[in-house]
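All remarks here apply to the structure that follows.
The values are calculated or read from the model by the stated rules, or taken from the named source; none is laboratory data. Remember, it's a predicted structure, so these values are computed and weren't measured experimentally. Neighbour counts run over all protein chains shown; Cβ positions are idealised from the backbone, glycine included. Just the protein is used for accessible areas: all its heavy atoms, side chains included, with ligands, DNA and RNA removed. Shrake-Rupley method; radii C 1.70, N 1.55, O 1.52, S 1.80 Å.
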Amino acid sequence: MDFLSEKYPNADVPAEAAFFEAFGAAIYAQRNDFVLHNFDEILKENVGSFTFHPPLSRYKDKVVFKNSKRRQAVESEKCILGLDVGSTTTKAVLIGVSDSLVLASEYIYTNGNPIKAARDCYKSLLNQIDKNIIIIGLGTTGSGRHIAGLHALTDSIFNEITAHASAAVHFDKHVDTIFEIGGQDAKYTYIVNKVPSDYAMNEACSAGTGSFIEEAAWESLAVKVKEIQDIALSADNPPNFSDQCAAFISSDIKTAQQENISKDNIIAGLVYSICLNYVNRVKGNRPVGNKIFMQGGVCYNQAVPIAMAALTGKEIIVPPDPGLMGAFGVALEVKEKIKLGIIEEKEFDLKELSEREVVYHKPFICAGGREKCDLKCSINMIEIMGKKYPFGGSCDKYYSMNSNDNKLHEKDLVKYRNYLIYDKYAPHYDLPSDAKTIGLNYSFHTHTLYPLFYNFFSGLGFNVIHSDKVTDEGLNREISSFCYPAQLSLGLFQDLLDKNPDYIFLPSILEMYTEEEGYQRLDFNCTCVFVSGETFYIKQAYKDKEILQKLITPNLNFGSGWASEEKTFVDIAKQLGI
């Protein structure tokens, strides 16, 4: 107040300032003629502000906690290191290439310094391993993956969705849903055929994360994070704090205390609140499959996945070392990419990494370059092993600049996939220049089945052509509210017509084949209605007799295997006069 008085000499601090709220309440009551006849009327028994959840202990049997399987390192064996640098914690896992078992791990607080946290992890792993090992790959994930990857001088940088999905599928190939809650974020992932097909993430709000319950429990109730599990599981009547905002939860806790709700029930209510926030704000209306994994550091508190099972009514599996799943998953990704030849083996030394210093130089403002961006991001200049690297910014301009882009690697898998489909497995056929042409629309499953179609028709002696661009004329022929890929199909088809092929191959693809055991079900094999219906709405959009006569429109169902449609292809050849 002395400081304010000096800055604002005319400031007045009334004598009643300390109890203004109570004073105002009394004035409000007086003006509105609120009369209290008896002090016994003040307290009302059996009246509360909350509804209540069932006890968590009732749902223990709906959660399966898997045990970790590890082994000791072997002299001179090849290993891979995965590093998950999160906003709250940093995790590291060292796995053996031969069997993907964990050899050593570390789990520490990031404390706002991802490079220091990474170095501390390297040092800890070094102390745990008493053999000479050869680390042939190092991958990073998490919110600090780019800075940690730069410090380690690795290009194996993966997002958390990919890393967590890889880890989950490793433990159970039938997993289709992942609930993941970390220290500052929460993510939902839906998996089809072992690949993430949908995902969602919380936004800026930290409610429903590990930091939320840790801070709320300690600041309001002096309960340490490691004590939460046992206290919550002992509760018999947890209050419903709903999907509460982290900024206001302390107010609800005080209300619960004033209503004589016990500490163990309040703690259990906080546990429920995390899961309510996740279900309502992260998962939302997205589907929940038949096999759910819940992972992230919060799952070390077993009360949280139990609360999730109580709210969703689903059985939940907590994998081994749930807090290490990101680090374990990114190690698996590196192993797989090395096996495929997408990433080259590169040796990393734990001692050298743990001692590797960084020097921060004066930052500069990005000029925007040819992109003509006007954000004017501040870019840090970091020196590692005598070489300076620009780092930071809203886009990935400087991340890409620091990467090795001289070869096809994991950062451009789309380019690599296109090379395989449209080049490597679609070789040149020496056909006569006057050979008849057959056109393929550059849409939907053409991006998967092009080698099959191309080699079949080329082998029959046809020059295969496909559309290259999306035309406005084709887009304008839309006859209903189509999704964007279906709109592209129309635009691409017009470009194909402009090339004037002799025939146009436009199949209705009903199902695709899946080799993995356990996925031979309709919901995994069937195609989207806009994919299987492409033939029909293109015929509706283009009714010219001349165009329709060019169309070859078989029904293809690969659900029971690629060879199952051999007769259909024979019939196609006959239709072409072969």
Distance between modelled label sites at residue 355 and residue 285, nm, 7 Å Cα→Cβ extension: 5.9 nm
Sulfur and carbon atoms: percent of accessible area, the stretch 276-337 [1.4 Å]: 41 percent
Modelled FRET efficiency - R0 41 Å, residue 60 with residue 560, Cβ distances, 0.05 increments: 0.45
Distance between modelled label sites at residue 37 and residue 412, nm, 7 Å Cα→Cβ extension: 8.5 nm
Lys, Arg +1 and Asp, Glu -1 on Cβ, resulting dipole of the stretch 53-170 about Cα centre, debye, nearest 20: 420 debye
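How long is the gain from residue 195 to residue 172 if the chain were fully straight, where each residue apart is worth 0.36 nm and the alpha carbon distance is subtracted? Don't skip to the answer; put the middle values down first.
Values: separation 23, 0.36 × 23 = 8.28 nm, distance 1.28 nm.
Stretched fully, the residue 195-residue 172 segment lengthens by 7.0 nm.
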Share antiparallel - DSSP beta bridges, the stretch 290-449, percent rounded to 5: 85 percent
Separation between Cα centres of the stretch 342-360 and the stretch 420-455, rounded to whole Å: 44 Å
Whole-number accessible area per residue in Å² for the chain, which is evaluated in the context of all protein chains at 1.4 Å: 53 Å²
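Quote to one decimal, in nm, the extra length available between residue 8 and residue 434 on full extension: 0.36 nm per residue of separation minus the C-alpha distance between them. Before the final figure, lay out the partial values.
Working: separation 426, 0.36 × 426 = 153.36 nm, distance 9.16 nm.
Length gained, residue 8 through residue 434: 144.2 nm.
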Peptides ranked, highest mean first, by Cβ atoms within 10 Å: ranges 495-508, 341-354, 416-429, 18-31: 495-508, 341-354, 416-429, 18-31
Rounded Å value of the spacing that divides the Cα centres of the stretch 219-293 and the stretch 471-499: 51 Å
At least 15 Å along the helix axis (C-alpha) and Kyte average at least 0.0, DSSP helices within the chain: 20-31, 160-171, 210-221, 263-277, 325-340, 446-459, 484-498
Selected from 67, 276, 342, residue furthest toward positive end of dipole (the chain; charges at beta carbon): 342
Added length on full extension, which subtracts the Cα-Cα distance from 0.36 nm per residue, residue 30 to residue 257: 78.8 nm
Amide H partners (placed H, <5 Å) of residue 135, local residues excluded: 79, 348
Cα-based reach from residue 397 at 12 Å (exclusive), listing aspartates and glutamates while leaving out same-chain residues under 8 positions away: 371
Sum of side-chain charges, residue 250 neighbourhood, beta-carbon under 12 Å (Lys, Arg +1; Asp, Glu -1): -2
Residues of type aspartates and glutamates that residue 372 reaches as a straight line, Cα spacing below 19 Å, ignoring anything fewer than 8 places off in the same chain: 396
Environment charge at residue 98 (Cβ cut-off 15 Å; Lys +1, Arg +1, Asp -1, Glu -1): +2
Cα→Cβ-extended label distance, 7 Å offset, between residue 499 and residue 76, nm: 5.5 nm
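What net charge is computed for the residues neighbouring residue 509, neighbours being all others with C-beta under 13 Å from the C-beta of residue 509, Lys and Arg scored +1, Asp and Glu -1?
Counting the neighbours of residue 509, the net charge comes to -3.
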Calculated P(r) of the chain - Cα pairs past 35 Å, %: 56 percent
Distant-in-sequence amide H partners of residue 442 (H built 1.01 Å from N, under 5 Å): 467
Estimated dipole of the stretch 417-530 in Debye, rounded to 20 [Cβ of Lys and Arg +1, of Asp and Glu -1, Cα centre]: 60 debye
171, 65, reordered so the largest accessible area comes first (probe 1.4 Å): 171, 65
Computed helical MRE - 222 nm, the chain, DSSP H runs ≥ 4 contributing -39500 (n - 2.57), nearest 500: -10000 deg cm²/dmol
Most positive-pole-ward Cα, 89, 300, 538, against dipole of the chain from beta carbon charges: 538
For the chain, share of DSSP beta bridges that run antiparallel, in % to the nearest 5: 55 percent
